[in-house]
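The values are calculated or read from the model by the stated rules, or taken from the named source; none is laboratory data. In this text the structure is predicted, and so the values were computed from the model without any measurement. Cβ sites come from the backbone with ideal geometry, for glycine too, and all protein chains shown count toward neighbours. The area values use the complete protein model at the heavy-atom level, side chains included, leaving out ligands, DNA and RNA. Shrake-Rupley method; radii C 1.70, N 1.55, O 1.52, S 1.80 Å.
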Amino acid sequence: MDTEHLLSEFGSTRHQAIAEYRKFIQEGIGIGQGAEFTGGGLLRSQGWSQVLAMRRRGQKEQYDERILGGADFVNKILKDAEERQLRQTKLRRSGRTIEKIIDEECNGRQISVKELKAGCKR
């Protein structure tokens with residue numbers, strides 16, 4: 001989640017935005033769990049009569065109940081997730097760990113891991 005973008009929707013300063021966001025969340029907790037916000041994704045939002053009509057016409061809509069959005073958006077999210085999974089699997093198989101990568105990058109940039117962890121701005 002892009003926190004800066006999200007917070008910009010709640011206020012012009014970071015402090016004000018965080019306070020307004022907390023207020024928004026607290027108010028939402030009292031609302032409870034509405035049926036319109038649970039499962040089903042795109043298919044549920046279209047209504048069953050429309051879904052059945054689409055099926056009778058032989059139309060298929062890509063969906064995933066975890067993702068709210070149209071077929072193109074769902075396809076993009078699923079494709080991105082698959083690509084990310086492939087990259088992670090490839091890295092795991094290579095034997096490279098985050099520690100090794102950090103060491104390599106620090107050595108290449110002539111800084112120590114200790115310096116990096118200390119938050120040095122060099």
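All conditions but one from (1) more than 28 Å from Glu115 (Cβ to Cβ); (2) at pLDDT 85 or above apply to Val74; the one that does not is (2).
Within the stretch 75-110, the set of residues being in contact with a helix residue (DSSP H, G or I) (Cβ under 7 Å, 6 or more places away or on another chain) and not charged (D, E, K, R) comprises Ile102, Cys106.
Within the stretch 67-87, the set of residues being open to solvent by 80 Å² or more (accessible area, probe 1.4 Å) and not acidic (Asp, Glu) comprises Leu68, Phe73, Lys76, Lys79, Arg84, Gln85, Leu86, Arg87. Pairs meeting the criteria (first residue in the stretch 89-104 and β-branched (Val, Ile, Thr), second residue surrounded by 11 or more Cβ atoms within 10 Å (Cβ to Cβ) and in a helix (DSSP H, G or I), beta carbons under 9 Å, at least 6 apart or on different chains) are Thr97/Leu91; Ile101/Leu91; Ile102/Val113; Ile102/Leu116.
Restricting the stretch 88-115 to residues that are assigned to a loop (DSSP other than H, G, I, E, B) and of a type outside the set (A, V, I, L, M, F, W, C), the residue that is least open to solvent (accessible area, probe 1.4 Å) is Gly95.
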